[in-house]
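Notes to accompany the following structure.
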Amino acid sequence: MNEIQISQDIITLAVIRSGIRLATPIILGALGFAICSRAGVLNFAIEGMMLFGAFAAIVAAFLLGNTYLGVVVAILAGGLIGAFFAAVYLKYRVDLVILALALNLFIAEMTVFFLRVVFGAFGSWSDPSIQQLPEINIPLLDQIPILGPLLSGHNIIVYTSWFASFALYVVLFHTRFGRHIRAVGENQSAAETVGIDVARVKIFVLILSGCLAALGGAFLSVGHLTLFTRDMTGGRGWLAVTASLFGLNHPIGVLFTGLFFGFADAFAVRLQTVTDIPPSLVQFLPNVAALVALVLVGARGKLREELARRRFRQRAQQEVAATVVTPAE
Amino acid sequence: MPAVEMQGITKYFASSQVLANDAVDLSVGQGEVHALVGENGAGKTTLMNILFGLTRPDRGTIRLNGTPVQIPHPNEAIRLGIGMVHQHFKLVPSFTVAQNILLGIEPSRYGLLDQRDENAAVKKLADEFGLPVDPAAVVGELSVGLQQRVEILKALQREARILILDEPTAVLTPQEARELFTVIRDLAKRGQTVIFITHKLLEVIEVADQVSVMRAGRMIGSKPVRETNLKEMARMMVGREVLLTVDKKPVEPGEIVLEVEHLLVAGVGGHTAISDLSFNVRAGEIVGIAGVSGNGQTELVDAITGLQPVDGGTIRLLRNEITNQPVGDRREQGMAHIPEDRLRTGLNLETNLDENVIVSRYREPEFQHYGLQDRAHIQKLAEWVVTQFSVASARPGEDIATLSGGNLQKVVLGRELSGSPKLIIANQPTRGLDVGSIEFVHRTLVDARDRGAAVLLISVELDEILALSDRILVLFRGRIAGEFQDEQATKEQLGILMAGGVIEEEAS
């Protein structure tokens, strides 16, 4: 009785809607990481790319007076960062992890710097002229009870993240180019010897991941709020990396793991308002989920091996027991 | 008119200061099986890489069917009808057979792929050449022999008329090798030209029409196979007489050094790798374990050396139980291990000779000075290895990455034998080595045995097992399928047991 009462209170339509919204930047970042991983490129710069997208979107929306244009500029800016990443990685053979670290740190400080120099803002900045991305009601869908209110009435970036998951799935697994991407990721020299342009594939995935991550960032600054604060992504890029690993770098898997982290986040927020659990503990929840996810992914192979080994021992003991019994009969 | 004519091919690698090809001429006839033999580092692979467009020659001309061609890139080679099957396969493990064969040339409709079209295309190709494969099978789950077949089909799909095979049998079991030879002969009959690189001279006699021998970047000579013999080819290859058999004293086995009882080991994925296996090795004898690769050799060696946990049974070294002891303890008690993969397990190519030589013995007080490494002593040990094992071009304190396969194996041998071990586990000790180095490794193992060491030799090369072993055990599916004293064993008998057959007792 009591439990049901609590769960009704805690999980409301609003919480699920908020989970869907919070999942959006994670899904987009995770798709970016996943497509790079499929091509054998370790893109740990998702966090930086996302932050850059958030910054570019709000600045462009302010300067151009149109939020949609702001989003487009953010996507282009993310692509540019991806292209820069690709150029340095492919041309100068810089180690990917070091490059990503540098990029993340540089973008974090650069946004703070420009905020201060251009807008004179410390820490966070907003302008009343900036419009939030409008919510879009989908005809017909919004008529359906429960599903309608859940799935309809989100902004364009939310829908794009879902569409991108399915589109990337089709590209990766049902087109020539997607197959070439996976071939490059799994055995680069196999791809090279059949004449696939490996550099082209890597440049493409890095630009695309920049676009996706930056779009996720734009959602934060002009979709969810109309505000930019320093380090606005707050680790969402890293959560996206986790979601991608947890979803085994599969676009559809990533859609679900991203939603899972989004819900964990929304649930944590909700818990803070309806229970007395200390907020610091509750805010920790999504990170615990991420930690558990990473441990599961990491231990997957080992666990499978250990289980197989245990079965083998049991079987072997039975066999030995059987051979011992036989002569007595 | 020859299908391939290479003239005056010269290639100098400035980075390693090696003249890999020195005015090399090669002529290969249409529909011919042409063996290109030579020791490691003789320049065979460089010559073929030039023909396939992977390396650009400094000088020289290439003609295909009389027409001069430039081959700056593998794409051009493929366009000209040249296909190459590399020693390390260029396959994508998670892709199916069809996806691998059609990689880069996939048929697609509106950019979308159709699995059924692809499978049908590959099926047709496989039928046409009589090379059966399952187009929908995942390549990573296939045996090495079948993976190689996929590589050959990949070249044929691209309409290769000239097929280059780089050491195709190095990774194959004897049965798979025999199948490959049949395939090669069939292809030649259809008018395909096959060039295959090898240093196993028996294979040349078995399958080739013509043989070209290279040594130290030069072409020594080219002859029809029927006009030459093993001894002559070996002499051309090495530049001196080669002992094809190993002289050894009669065996005088001493006490039991290694004793394995009812050993049980799980393989990857929990299948049975070693099942209720018992045997022993005595001091002063070489026990050979014959068997097709994949019958539990790796797991057996890993269990004895402590690299893999044992699931049942006991292992004793000089009457001490070592079943669950760590590797270091086993080594301290006199175990030495020559691993099957010298590049990954045997050596660290990133570091220098000294560190590679000391890695198994750094704990010994002799090499320590108040808890720090004693450089002078370590260097002395490295010098000893270089001189005792005549490791050409290696010097103490210098990197080993540029050494040839034979010299690398000598470094491993030097390290493992330096502490006069009581038990030597030698797993595929001559894999991928040239004739000269094989001779050296064999000599070294026999010397160690004559000094009283117990040697456990695991090899998929039957000739090696027969040449060295005092006692032979045949491993089949994790069990011992038969045991022989050296003089009783014949190749035929071993071959039957290795394939899982039973030797029928002759009614005498």
For the structure I just gave you, tell me whether A:Phe62 is within 24 Å of A:Phe219 (Cα to Cα), part of a helix (DSSP H, G or I) and without any contact (Cβ under 8 Å) to a residue 60 or more places away in the chain. no
Worksheet item: Looking at region B:431-452, is at least one residue farther than 19 Å from B:Asp341 by Cα and surrounded by 21 or more Cβ atoms within 10 Å (Cβ to Cβ)?
Response: yes
Quick check: is even one residue across region B:453-465 free of Cβ contacts under 8 Å to residues at least 60 places away in the same chain and β-branched (Val, Ile, Thr)?
-> no
In region B:8-22, residues that are under 16 Å from B:Arg218 (Cβ atoms) and open to solvent by 60 Å² or more (accessible area, probe 1.4 Å) total 4
* Going by the structure shown, is A:Gly40 on the phi < 0 side of the Ramachandran plot and either open to solvent by 10 Å² or more (accessible area, probe 1.4 Å) or assigned to a helix (DSSP H, G or I) (or both)? -> no
Taking region A:91-138 and keeping residues outside any helix (DSSP H, G or I) and in contact with a Lys or Arg (Cβ under 6 Å, 6 or more places away or on another chain) leaves A:Gly123
Per the filter on region B:250-307, residues outside any strand (DSSP E or B), more than 19 Å from B:Arg330 (Cα to Cα) and within 14 Å of chain A (Cβ to nearest Cβ) are B:Gly267, B:Val268, B:Gly269, B:Gly270, B:His271, B:Gly296
Listed by range, strands (runs of 3 or more DSSP E) wholly within region B:1-116 having at least 2 residues that are on the phi < 0 side of the Ramachandran plot and within 28 Å of the chain's Cα centre (by Cα) are B:4-13, B:18-28, B:33-37, B:82-85
Based on this model, can you work out whether A:His224 counts as surrounded by fewer than 23 Cβ atoms within 10 Å (Cβ to Cβ) and farther than 24 Å from A:Leu76 by Cα? no
Notebook entry, point to check: Based on what the data block shows, is B:Leu381 surrounded by fewer than 14 Cβ atoms within 10 Å (Cβ to Cβ) and either touching a residue at least 60 places away in the same chain (Cβ under 8 Å) or of a type in the set (A, V, I, L, M, F, W, C) (or both)?
Noted result: no
**Prompt:** Looking at this structure, is B:Val251 more than 29 Å from B:Phe13 (Cα to Cα) and in contact with a His (Cβ under 6 Å, 6 or more places away or on another chain)?
**Reply:** no
Subset of region B:62-98, residues open to solvent by 60 Å² or more (accessible area, probe 1.4 Å), away from every other protein chain (no Cβ under 14 Å) and more than 26 Å from B:Thr198 (Cβ to Cβ), comes to B:Thr67, B:Pro68, B:Gln70
Every listed condition ((1) within 14 Å of chain B (Cβ to nearest Cβ); (2) of a type outside the set (Ser, Thr, Tyr); (3) surrounded by fewer than 20 Cβ atoms within 10 Å (Cβ to Cβ)) holds for A:Ile146 save (1)
Of the listed residues (B:Glu398, B:Glu464), the one being in contact with a strand residue (DSSP E or B) (Cβ under 9 Å, 6 or more places away or on another chain), loosely packed, with under 15 Cβ neighbours inside 10 Å and among the acidic types (Asp, Glu) is B:Glu398
Residues in region B:100-113 that are more than 7 Å from every other protein chain (Cβ to nearest Cβ) and open to solvent by less than 60 Å² (accessible area, probe 1.4 Å) total 4
Expected output for region B:31-58 (first residue within 27 Å of B:Asp186 (Cβ to Cβ), partner acidic (Asp, Glu) and part of a loop (DSSP other than H, G, I, E, B), Cβ below 6 Å, 6+ apart or cross-chain) is B:Glu32/B:Asp209; B:Val33/B:Asp209
Restricting region B:308-332 to residues that are of a type in the set (A, V, I, L, M, F, W, C) and not in a helix (DSSP H, G or I), the one farthest from the other protein chains (Cβ to nearest Cβ) turns out to be B:Leu318
Worksheet item: Would it be correct to say that A:Ser129 is under 25 Å from the mean Cα position of the chain (by Cα) and touching a residue at least 12 places away in the same chain (Cβ under 8 Å)?
Response: no
Margin query: Against the definition (on the phi > 0 side of the Ramachandran plot and either open to solvent by 30 Å² or more (accessible area, probe 1.4 Å) or in a helix (DSSP H, G or I) (or both)), how does B:Ser393 come out, yes or no?
Written below: yes
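Listed here are the residues, each with its yes/no results for (1) in contact (Cβ under 8 Å) with a residue 24 or more places away in the chain; (2) closer than 26 Å to B:Leu468 by Cβ; (3) hydroxyl-bearing (Ser, Thr, Tyr).
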| residue | (1), (2), (3) |
| --- | --- |
| B:Glu285 | yes, yes, no |
| B:Leu317 | yes, yes, no |
| B:Leu347 | yes, yes, no |
| B:Thr351 | yes, no, yes |
| B:Tyr362 | no, no, yes |
| B:Glu366 | no, no, no |
When region B:333-357 is checked residue by residue, the ones that are assigned to a helix (DSSP H, G or I) and either open to solvent by less than 20 Å² (accessible area, probe 1.4 Å) or within 21 Å of B:Thr444 (Cβ to Cβ) (or both) are B:Arg342, B:Leu343, B:Thr345, B:Gly346, B:Leu353, B:Asp354, B:Asn356, B:Val357
When A:Ile196 is run through (1) in contact (Cβ under 8 Å) with a residue 12 or more places away in the chain; (2) more than 7 Å from chain B (Cβ to nearest Cβ); (3) over 20 Å from A:Val71 (Cα atoms), the failure sits at (2)
Among B:Arg59, B:Arg116, the single one that is within 30 Å of B:Gly8 (Cα to Cα) and either open to solvent by 40 Å² or more (accessible area, probe 1.4 Å) or facing chain A (nearest Cβ under 8 Å) (or both) is B:Arg59
Per the filter on region A:307-329, residues at pLDDT below 80, in a helix (DSSP H, G or I), over 18 Å from B:Gly478 (Cα atoms) and not hydrophobic (A, V, I, L, M, F, W, C) are A:Thr326, A:Pro327
Checked A:Arg304, A:Arg309 against criteria (surrounded by 14 or more Cβ atoms within 10 Å (Cβ to Cβ), free of Cβ contacts under 8 Å to residues at least 60 places away in the same chain and within 14 Å of another protein chain (Cβ to nearest Cβ)); the one match is A:Arg309
I'd like to know if region A:106-114 contains one or more residues that are among the small types (Gly, Ala, Ser) and open to solvent by less than 20 Å² (accessible area, probe 1.4 Å). no
Sole miss for A:Leu206 among (1) within 14 Å of chain B (Cβ to nearest Cβ); (2) part of a helix (DSSP H, G or I); (3) surrounded by 19 or more Cβ atoms within 10 Å (Cβ to Cβ) is condition (1)
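The values are calculated or read from the model by the stated rules, or taken from the named source; none is laboratory data. Computed from a predicted structure; not experimentally measured. Ideal geometry is used to build each Cβ from the backbone, glycine not excepted, and the neighbour counts take in all protein chains shown. Remember, those area values only see protein heavy atoms, side chains included, never the ligands or the DNA or RNA. Shrake-Rupley method; radii C 1.70, N 1.55, O 1.52, S 1.80 Å.
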